[in-house]
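J.: Dumping the structure here so I can ask a few things about it.
The values are calculated or read from the model by the stated rules, or taken from the named source; none is laboratory data. What you see is a predicted model; the values in this text were computed from it and never measured. Positions of Cβ are backbone-derived with ideal geometry, glycine not excepted, and every protein chain shown enters the neighbour counts.
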Amino acid sequence: MEAIVPESVLQAIPKLVGFPQERFWVDYDRDADVLYISFRRPQDADDSVMTDDGILLRYRQEELVGVTVLDAAARGDQAT
C-alpha cells in the first residue's frame, strides 16, 4: 500500500510548527462547522470572550486554554 500524505496536511505544517503553544489538541465538528483548539486538557475554562468575528476565546484564571472557531470551513480561504 502506498502512503499518500494529503496536500492539506502538508500545507498546515508551517502554521502548526509556528503555533504559540507546544502542545495542543484540535477537534472539528463537521456537522456544526466548529473547530475546537485546546491548549489544556481538560480546559476547565472559567471565563470566555467572543470576538467580533465569531471566535470564542476560553480562559482559566486569565490563561488562554482554548479557542472555538465558528463557521470554520468558511475561514479556510481567509488564512494567509
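J.: If we keep just the residues of region 24-38 that are over 11 Å from the mean Cα position of the chain (by Cα) and part of a loop (DSSP other than H, G, I, E, B), which is farthest from Ala72 (Cα to Cα)?
T.: Just the residues of region 24-38 that are over 11 Å from the mean Cα position of the chain (by Cα), to begin with: 29-33.
If we keep only those that are part of a loop (DSSP other than H, G, I, E, B) too, we end up with 30-33.
Details: Arg30: 9, Asp31: 11, Ala32: 9, Asp33: 6 Å.
Ranking the candidates gives Asp31 first.
J.: Taking Gln11, is it more than 12 Å from the chain's Cα centre (by Cα), at pLDDT below 95, surrounded by 10 or more Cβ atoms within 10 Å (Cβ to Cβ) and in a helix (DSSP H, G or I)?
T.: Numbers: more than 12 Å from the chain's Cα centre (by Cα): yes; at pLDDT below 95: yes; surrounded by 10 or more Cβ atoms within 10 Å (Cβ to Cβ): yes; in a helix (DSSP H, G or I): yes.
Judged against the criteria, Gln11 is a match.
J.: If a residue has to be surrounded by 11 or more Cβ atoms within 10 Å (Cβ to Cβ) and closer than 17 Å to Leu64 by Cα to count, how many in region 24-45 make the cut?
T.: Qualifying residue count for the region: 13.
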